[in-house]
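Data block below; observations after.
Rule-based calculations on the coordinates, nothing more; no lab input. Being a predicted model, the structure only gives us computed values, none of them experimental. Here the Cβ is made from the backbone with ideal geometry for all residues, glycine too, and neighbour counts use every protein chain on show.
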Amino acid sequence: MENREKYYITTAIAYTSGKPHIGNNYEIVMADSIARFQRKKGYEVFFQTGTDEHGQKIELKAQEAGVTPREFVDNVAGIIRGMCDRLNVSYDKFIRTTDADHERQVQKIFRRLYDQGDIYKGAYEGMYCTPCESFWTESQLVDGKCPDCGREVKPAREEAYFFRMSKYADRLIRHINEHPEFIQPVSRKNEMMNNFLLPGLQDLCVSRTSFKWGIPVDFDEGHVVYVWLDALTNYITGIGYDAEGNCTEQYKKLWPADLHLIGKDIVRFHTIYWPIFLMALGEPLPRQVFGHPWLLMSGGKMSKSKGNVLYVDDLVDFFGVDAVRYYLLHEMPYDNDGNVTWELIAERLNSDLANTLGNLVNRTISMSNKYFGGVVADKGVSEGADAVIDGDLKSVVTGAYGKVVDKMESLRIADALTEIFAVFKRCNKYIDETEPWILAKDEAKADRLSTVLYNLVEGIVAGASLLEPFMPETAAKIAAQLNTSLRDFGQLKEGKFGLYPNGNKVTDVPEILFARLDMKDVVKREEEVAQAMIAEAAKKTAAENGKNVENTGKTADGKAGSGKEATGAYSAENGSDNSVIDMEQKPEITYDDFAKLQFQVGEIIACEAVPKSKKLLCSQVRIGSRVKQIVSGIKAYYSPEEMVGKKVMVLVNLKPATLAGVVSEGMLLCAEDAEGRLALVSPEKDMPAGAEIC
């Protein structure tokens, strides 16, 4: 075992404005795999995560929910912590920024920075983004909108305290240049230097007066501490920092952090604001900040407002904890965004987990039971060509540790998993090469058969031991079935082959680690979850509008609707006699012309009015596993609430266009009467989203 050096790792703390989607959960699983890996290497690991619970957005959310901000964040923080536990995350501390000791230290930090002249009082005037809780100048806006989230901003002015960022800018630039490992990947470092530091830093607003849900500035009534100064300091307050100099022994041991693991969208706050705060406090900077990429759904950023959201509890219920962990860790590139859908998870489970790993373990145990009553013994029979085959297997198994460690040191988690599964793939190839079922037919080759099965078991145990930080439950199940314990990394580092107890007995009946999934069952479950999500969204919308969902009417397909018969032909009640309409015929086209158009059934899962437009609605339309954003000029005939849940006909391969500043990725088909009134075209019978229209 290696020495017991400390290793302090943190994640960004999750904002408690609502339930996080699976894209938010990737970070915590990645951090957990790193923490577990470092523990197996012999480090004394402290792993901190938690929740960010103050700010105007939460105050508004609580008002909408009819509860106090404290009640609101207590509920959401419980959900977030439950998700961490569901994903088998081995955090050592779950901090909340509403914890009394954190709030007390933030007040001390603010006062200290004010007393030493780093914070001064002034007034802020600019364009304000409520979701990001950030002020922007006109020059910083992108197309007139928030450069971080793309949402609308509004002019605002308020008295505020500011931090003198420029005072420390040159020092931070020097630190980054002298410590190339500080910001990773390198692309994030270049972005921070070129886009923010080198052009010059503006002073940062660090207090607010326009809302009350925050940590009060204890020497100026009405001011609350700006969310980033509050949130970022959790990394030191959570381990015992004291701004008056009475830091705990834990803080002295753990700080500086070895790794801040964060999303690429908040790299600026962690590599510019946070280091400067620390410099002002006279504290060392964290050793590394890693800005990981995003996990996208069907190529688009997941958004609750778009309705293209996957939640960890739904996925874990269906696929299992370790299957979800494996997918998240294996499918995320080092620097580029990853992609996730129900179908992609199922494909990876079937190929890697059921076929490569599960089938290997099952076959090996079954053959050990069939041929030797479960007893695994190394008879040492390996000569000639057999020795070459055995030698190659042993080389792959014993060489894996160094390769995996090398990948993990550079935080290439997906590549580390690939190296581990190379062991399992080599074991499967070894079965094909040695053909145990052929050896079993010749009694004279019994000892060779026993040796082959021993080598397989040894390879599986070594691979499972490396797999443990990433898939802890699966690794434990493998060890239990092989009636042994997982190896510590000290043993694996020695590179010895043959540590499995000679003559040990495996389980009588192997457990299926991962059952292959039928894609029809996957699609069915995905549909069920999506329908439940749509129903919940409709219920919430109705409640917000003061309506009772139970009193709504039914649409033509029998689903809960808005009380209006909006689909199909107009009835006599709204002035249409359904008369025949003749229109000028367009030139004939060939079948080849028609074949270029792709029409599919889509299901509208979210809809909202386009700001500054009297005609346009922006719909999120689910088409199979994809979600397309489509803008339509039908606001005069449908409310956003009416649109949600409708099955519509969609032209899906129309070149994207921008309407009123909003990108549209297709077209909803409508019928138009002589008076110019529009009605969406829907399939006569209920058809699944994605069904081809031909």
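State, as an integer percentage, the relative contact order of the range 629-694 based on alpha-carbon contacts under 8 Å between residues 6 or more apart.
With pairs under 8 Å counted, the relative contact order is 35 percent.
What does the charge dipole of the chain about its Cα centre add up to, to the nearest 20 debye, if the Cβ of each Lys and Arg holds +1 and the Cβ of each Asp and Glu holds -1?
Working: 83 positive and 101 negative charges, 170 e Å.
Result for the chain is approximately 820 debye, rounded to the nearest 20.
What list of ³J(HN,Hα) couplings, whole Hz, do you get for the range 260-266 from phi and the Karplus terms 6.51, -1.76, 1.60, once you set θ to phi - 60° and write x for glycine and proline?
For the range 260-266, the Karplus curve yields 9, 9, 9, x, 5, 6, 10 Hz.
Order these peptides, 108-118, 682-692, by their mean beta-carbon neighbour count within 10 angstrom, highest first.
On the way: 108-118: 17.5, 682-692: 14.7.
With the highest mean Cβ count within 10 Å placed first, the list reads 108-118, 682-692.
In a solvent-free Debye calculation with one equal scatterer on each Cα, what is log10 I(q)/I(0) for the range 384-496 at q = 0.15, 0.17 Å⁻¹, listed in the order of the q values?
-0.67, -0.83
I need Ile512, Ile173, Ile262 ordered by Cβ neighbour count within 10 Å, fewest first. Write out the running numbers ahead of the final one.
Numbers: Ile512 11, Ile173 14, Ile262 23.
Ranking Ile512, Ile173, Ile262 by Cβ neighbours within 10 Å, fewest first, gives Ile512, Ile173, Ile262.
By residue number, which cysteines of the chain lack any other Cys whose Cβ falls under 4.7 Å from their Cβ?
Lacking a cysteine Cβ partner under 4.7 Å: Cys84, Cys149, Cys205, Cys247, Cys427, Cys607, Cys618, Cys670, Cys694.
Pairs Lys407/Lys477; Lys264/Lys524; Lys540/Lys628: which exceed 31 Å Cα-Cα? Let's see the in-between values first.
On the way: Lys407/Lys477 25 Å; Lys264/Lys524 34 Å; Lys540/Lys628 23 Å.
With Cα atoms farther than 31 Å apart: Lys264/Lys524.
Among the listed pairs Lys19/Lys539; Lys539/Lys647; Lys57/Lys167; Lys403/Lys493; Lys61/Lys212, which are separated by more than 20 Å between their Cα atoms?
On the way: Lys19/Lys539 17 Å; Lys539/Lys647 18 Å; Lys57/Lys167 30 Å; Lys403/Lys493 11 Å; Lys61/Lys212 13 Å.
Too far apart for the 20 Å limit: Lys57/Lys167.
What span do the alpha-carbon atoms of the range 295-409 cover on each of the three principal axes, reported in whole Å from largest to smallest?
64, 33, 20
What does the range 233-274 give for Rg and for Dmax, in Å, if only its C-alpha atoms count?
Answer for the range 233-274, Rg first and Dmax second: 11.8, 34 Å.
Per-residue counts of other Cβ atoms within 10 Å, averaged by peptide: what ranking do you get for 533-540, 328-335, 602-609, highest first?
Output ranking for 533-540, 328-335, 602-609: 602-609, 328-335, 533-540.
Just to confirm my numbers, what's the Cα centroid distance between the range 375-390 and the range 1-79 in Å?
So the two Cα centres are separated by 49 Å.
Mind running the shape call on the range 131-269? Use the C-alpha gyration tensor, a ≥ b ≥ c as the square roots of the eigenvalues: rounded below 1.5 for a/c, prolate if a/b tops b/c, oblate otherwise.
oblate
What net charge is computed for the residues neighbouring Glu249, neighbours being all others with C-beta under 14 Å from the C-beta of Glu249, Lys and Arg scored +1, Asp and Glu -1?
+1
Going toward the positive end of the dipole of the range 175-331, with +1 on Lys and Arg Cβ and -1 on Asp and Glu Cβ, which of Cys247, Val312, Ser207 do you reach last?
Working it through, the farthest residue towards the positive pole turns out to be Val312.
I need Thr16, Thr341 ordered by Cβ neighbour count within 10 Å, fewest first.
Working: Thr16 28, Thr341 19.
Ascending number of Cβ neighbours within 10 Å: Thr341, Thr16.
Roughly how compact is the chain, stated as its Cα Rg over 2.2 N^0.38 Å to two decimals?
It is 1.13.
Would the range 1-103 count as rounded, prolate or oblate if I go by the C-alpha gyration tensor, calling it rounded below 1.5 in a/c and otherwise prolate when a/b exceeds b/c, oblate otherwise? Walk me through the numbers on the way to the answer.
Values: a/c = 3.39, a/b = 2.19, b/c = 1.55.
In terms of gyration-tensor shape, prolate.
Given H placed 1.01 Å from N in the peptide plane, which residues other than close sequence neighbours of Cys607 have an amide H under 5 Å from its amide H?
Residues meeting the criterion, in which the H sits 1.01 Å from N, are Gln620.
List Glu433, Glu383 from most exposed to least, where exposure is judged by having the fewest other Cβ atoms within 10 Å.
With the fewest neighbours first, Glu433, Glu383 line up as Glu383, Glu433.
With a ≥ b ≥ c taken as the square roots of the eigenvalues of the C-alpha gyration tensor of the range 56-190, please select rounded if a/c is under 1.5 and otherwise prolate if a/b is larger than b/c or oblate if it is not?
Rounded, since a/c falls under 1.5.
Please identify every one of the trypsin sites (Lys or Arg not before Pro) in the range 313-381 that sits in a loop by DSSP and has no more than 15 other beta carbons within 10 Å of its own beta carbon.
Loop-located and lightly packed - Lys379.
I want the antiparallel fraction of DSSP beta bridges within the chain, as a percent rounded to 5.
70 percent
Taking the Cα centre as origin and putting +1 on Lys and Arg beta-carbons and -1 on Asp and Glu beta-carbons, what dipole magnitude results for the range 340-463, to the nearest 20 debye?
200 debye
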